[in-house]
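A.B. asks: What follows is a structure written as structure tokens; I'll ask about it next.
The values are calculated or read from the model by the stated rules, or taken from the named source; none is laboratory data. All figures in this text were calculated on a predicted structure; none of them were measured in a lab. Ideal geometry is used to build each Cβ from the backbone, glycine not excepted, and the neighbour counts take in all protein chains shown.
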There are 2 protein chains.
Amino acid sequence: MKVNIILSPNNVDDLYYTAKTTVVIDVLRATSVILKAFDSGAKEVVPVGSIDFAMKFSVNAHGGQTLLCGERNTQMIEGFDLGNSPAEYTEDKIGGKTIILFTTNGSKAIVKAKYSKRVYIASFNNLSKMAEHLIHCDTDIEIITSGAHGVFCLEDTICAGALVKKMKELKSDLELNDVTNASLVLNEKFGHDINKMMRECEHGVLLKENGLESDIEFCSTIDNIPLIPYFIGGEIKLLVEENKPNNEI
Amino acid sequence: MKVNIILSPNNVDDLYYTAKTTVVIDVLRATSVILKAFDSGAKEVVPVGSIDFAMKFSVNAHGGQTLLCGERNTQMIEGFDLGNSPAEYTEDKIGGKTIILFTTNGSKAIVKAKYSKRVYIASFNNLSKMAEHLIHCDTDIEIITSGAHGVFCLEDTICAGALVKKMKELKSDLELNDVTNASLVLNEKFGHDINKMMRECEHGVLLKENGLESDIEFCSTIDNIPLIPYFIGGEIKLLVEENKPNNEI
């Protein structure tokens with residue numbers, strides 16, 4: 001069972017993912033928000049790669065029970081219903097709804113991985129549950145860190161390293177390559193205080209400058225939402241029948 | 001003075017480099033080979049982005065005093081004069097000659113950085129000299145690690161970290177971002193035995209499998225070639241007048 005980490009969606013093309021089992025991480029904040037959305041009872045999340053597509057999709061789909069959500073360069077988008085702060089995704093606002101999500105990095109990274117056999121959504125919030133499920137899958141794993149505008153970002157890499165560390169605790173003989181070992185080293189260095197790392201990293205500083213420090217608190221919480229969202233047929237759903245025989249997800 | 005590291009040429013487009021001061025690293029083996037070429041008296045090195053272009057260029061340019069050199073996926077290319085092993089670049093073979101160099105990652109990374117104000121060529125072989133020169137430049141620095149087929153590679157990242165470490169020893173108040181700090185951490189972990197790291201990394205293992213273990217010995221040697229090659233007008237030349245007033249290179 002090999003585990004590879006891809007440090008930027010730009011590093012591979014769409015077809016790279018064909019038939020692979022992929023995990024997408026965008027800790028600040030897309031994948032953390034997706035977990036919060038499902039924890040608050042969202043029906044599904046539709047990640048989109050452009051604001052135009054989000055607008056068009058929201059008009060026609062899902063019988064009007066949709067919310068346009070997300071951000072562009074940390075800011076809420078005009079005409080959208082919600083931004084990209086986990087705190088906004090409360091049960092009264094999004095329970096039973098379809099969330100159309102556009103974000104600067106994360107939603108695009110998920111859409112890019114569309115040719116995978118399976119795409120999972122991970123953040124610190126579901127770290128242990130995701131590690132358990134991936135080991136259960138018993139197949140080679142590609143972990144894609146969404147990064148920031150196509151380049152390396154520390155918090156996603158640390159989260160990927162933390163995920164692999166948890167996987168290793170469950171299965172010691174994983175085959176790790178150079179980038180995965182490097183991510184483990186970075187997690188070893190910075191992972192003892194995730195909240196501190198997140199407050200001090202470039203993206204964390206940017207969020208603080210935009211008055212969004214409370215988002216960091218949520219996004220750096222480990223294992224508070226033990227759910228497994230997965231992307232299939234253009235939508236992210238919640239995996240609820242994990243132990244069903246012949247489960248293909 | 002900011003120092004940024006780009007972990008793959010795929011992470012930015014050509015125009016990103018406009019007016020920047022860039023350092024390209026491809027430890028195994030392109031930038032190490034370029035240093036060896038100049039140490040053995042090469043007149044200039046012409047990095048090219050495709051084998052076709054290398055073929056065409058070699059027919060017309062430089063009055064017949066050219067050698068076609070490089071590799072594709074570690075292997076020597078049919079019709080080429082030399083491969084990509086530093087040991088091949090001896091004075092009797094290449095002294096006074098123009099080297100046209102195509103390699104899988106490094107030569108392409110150099111060509112991609114063409115819109116930079118200045119592009120320098122670095123490896124472990126010229127680490128201290130390059131650090132001194134960059135501090136002397138006193139401008140923001142972009143360090144691009146060529147990677148392997150567009151993705152992260154450990155040895156280039158460690159070399160970038162080692163270069164920044166040496167720069168910090170000369171100027172303690174460098175502004176470092178997340179990726180640069182991460183590279184310093186990786187150098188701290190793996191940099192105490194460069195030769196061991198290079199023998200064990202993915203690319204090192206591939207070279208050993210191809211009978212090229214002796215290349216690793218050369219490419220992991222620190223500061224044995226204190227030269228500064230720079231890329232200008234499509235050619236890599238040797239910087240010889242470093243202390244000239246108003247030096248623009």
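A.B. asks: I'm trying to understand the selection: among the residues of the stretch A:170-181, which are free of Cβ contacts under 8 Å to residues at least 40 places away in the same chain and either under 21 Å from the mean Cα position of the chain (by Cα) or within 14 Å of another protein chain (Cβ to nearest Cβ) (or both)?
C.D. replies: A:D178, A:N181
Residue-by-condition table, conditions (1) more than 14 Å from chain A (Cβ to nearest Cβ); (2) farther than 14 Å from B:N125 by Cβ; (3) touching a helix residue (DSSP H, G or I) at 6+ places or on another chain (Cβ under 8 Å); (4) modelled with pLDDT under 95:
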{"position": "B:N4", "(1), (2), (3), (4)": "no, yes, yes, no"}
{"position": "B:V23", "(1), (2), (3), (4)": "yes, no, yes, no"}
{"position": "B:L35", "(1), (2), (3), (4)": "yes, no, yes, no"}
{"position": "B:F38", "(1), (2), (3), (4)": "yes, no, no, no"}
{"position": "B:D52", "(1), (2), (3), (4)": "yes, yes, no, yes"}
{"position": "B:S58", "(1), (2), (3), (4)": "yes, yes, no, yes"}
{"position": "B:G63", "(1), (2), (3), (4)": "yes, yes, no, yes"}
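A.B. asks: What single numbered condition from (1) at pLDDT below 95; (2) surrounded by 17 or more Cβ atoms within 10 Å (Cβ to Cβ); (3) hydrophobic (A, V, I, L, M, F, W, C) fails to hold for A:I232?
C.D. replies: (2)
A.B. asks: Where in the stretch B:1-74 are there strands (runs of 3 or more DSSP E), lying fully within it, with 3 or more residues that are without any contact (Cβ under 8 Å) to a residue 40 or more places away in the chain? Outline the logic, then answer.
C.D. replies: Working: elements: B:2-6, B:21-25, B:44-47, B:66-72.
Of the strands (runs of 3 or more DSSP E) lying wholly inside the stretch B:1-74, those with at least 3 residues that are without any contact (Cβ under 8 Å) to a residue 40 or more places away in the chain span B:66-72.
A.B. asks: Shifting gears a bit: Suppose we filter the stretch B:131-148 for residues that are without any contact (Cβ under 8 Å) to a residue 60 or more places away in the chain and within 14 Å of chain A (Cβ to nearest Cβ); how many remain?
C.D. replies: Residues flagged as without any contact (Cβ under 8 Å) to a residue 60 or more places away in the chain and within 14 Å of chain A (Cβ to nearest Cβ) within the stretch B:131-148 amount to 1.
A.B. asks: Go through the residues of the stretch B:149-169 one by one and say whether even a single one is over 18 Å from B:S123 (Cβ atoms) and more than 10 Å from chain A (Cβ to nearest Cβ). Spell out the reasoning first.
C.D. replies: If we filter the stretch B:149-169 for residues that are over 18 Å from B:S123 (Cβ atoms), which is where we start, we get B:149-151, B:168-169.
Next, from what is left, pick out any that are more than 10 Å from chain A (Cβ to nearest Cβ): B:168-169.
Yes, because at least one residue in the stretch B:149-169 is over 18 Å from B:S123 (Cβ atoms) and more than 10 Å from chain A (Cβ to nearest Cβ).
A.B. asks: Considering only the stretch B:199-227, state which residues are outside any helix (DSSP H, G or I) and of a type outside the set (S, T, N, Q). Even if it seems obvious, please write down each step before you answer.
C.D. replies: Start the filter on the stretch B:199-227 by keeping residues that are outside any helix (DSSP H, G or I), which leaves B:201, B:210-212, B:220-227.
Of everything in the stretch B:199-227, those that are outside any helix (DSSP H, G or I) and of a type outside the set (S, T, N, Q) turn out to be B:C201, B:G211, B:L212, B:I222, B:D223, B:I225, B:P226, B:L227.
A.B. asks: Those residues that are surrounded by fewer than 24 Cβ atoms within 10 Å (Cβ to Cβ), closer than 19 Å to B:N210 by Cβ and in contact (Cβ under 8 Å) with a residue 40 or more places away in the chain, I need them from the stretch B:80-104; list them, please.
C.D. replies: B:S85, B:A87, B:T104, listed by residue number.
A.B. asks: Out of the residues in the stretch B:23-45 that are surrounded by 24 or more Cβ atoms within 10 Å (Cβ to Cβ) and more than 14 Å from B:P86 (Cβ to Cβ), which is farthest from the chain's Cα centre (by Cα)?
C.D. replies: B:V23
A.B. asks: Of all residues in the stretch A:182-211, which are among the charged types (D, E, K, R) and either more than 29 Å from A:Q75 (Cβ to Cβ) or in contact (Cβ under 8 Å) with a residue 40 or more places away in the chain (or both)? Outline the logic, then answer.
C.D. replies: Just the residues of the stretch A:182-211 that are among the charged types (D, E, K, R), to begin with: A:188-189, A:193, A:196, A:199-200, A:202, A:208-209.
Within the stretch A:182-211, A:E188, A:K189, A:E202 meet the criteria.
A.B. asks: Somewhere in the stretch B:88-104, is a residue within 14 Å of chain A (Cβ to nearest Cβ) and modelled with pLDDT of 95 or more?
C.D. replies: The initial filter retains those residues of the stretch B:88-104 that are within 14 Å of chain A (Cβ to nearest Cβ), namely none.
Within the stretch B:88-104, none of the residues are within 14 Å of chain A (Cβ to nearest Cβ) and modelled with pLDDT of 95 or more.
A.B. asks: Looking at B:I135, B:I216, B:I194, B:I143, can you tell me which residue is under 14 Å from B:L7 (Cα atoms) and modelled with pLDDT of 95 or more?
C.D. replies: On the way: B:I135 fails: under 14 Å from B:L7 (Cα atoms); B:I216 fails: under 14 Å from B:L7 (Cα atoms); B:I194 fails: under 14 Å from B:L7 (Cα atoms).
B:I143 is the lone residue from the list that is under 14 Å from B:L7 (Cα atoms) and modelled with pLDDT of 95 or more.
A.B. asks: It is to be established whether one or more residues within the stretch A:58-79 are within 14 Å of the chain's Cα centre (by Cα), surrounded by 15 or more Cβ atoms within 10 Å (Cβ to Cβ) and of a type in the set (S, T, N, Q).
C.D. replies: In the first step, residues of the stretch A:58-79 are kept if they are within 14 Å of the chain's Cα centre (by Cα); the result is A:70.
Then drop every residue that is not surrounded by 15 or more Cβ atoms within 10 Å (Cβ to Cβ), which leaves A:70.
Of the ones still in play, those that are also of a type in the set (S, T, N, Q) are none.
No.
A.B. asks: Scanning the stretch A:78-117 for residues that are assigned to a loop (DSSP other than H, G, I, E, B) and among the hydroxyl-bearing types (S, T, Y), which turns out farthest from A:S50 (Cα to Cα)? Spell out how you get there, then give the answer.
C.D. replies: Taking the stretch A:78-117 as the starting set, the residues that turn out to be assigned to a loop (DSSP other than H, G, I, E, B) are A:78-81, A:83-85, A:89-90, A:95-97, A:103-105, A:113-117.
Narrowing further to those that are among the hydroxyl-bearing types (S, T, Y): A:85, A:89-90, A:103-104, A:115-116.
Details: A:S85: 19, A:Y89: 21, A:T90: 25, A:T103: 8, A:T104: 9, A:Y115: 18, A:S116: 20 Å.
Selected residue: A:T90.
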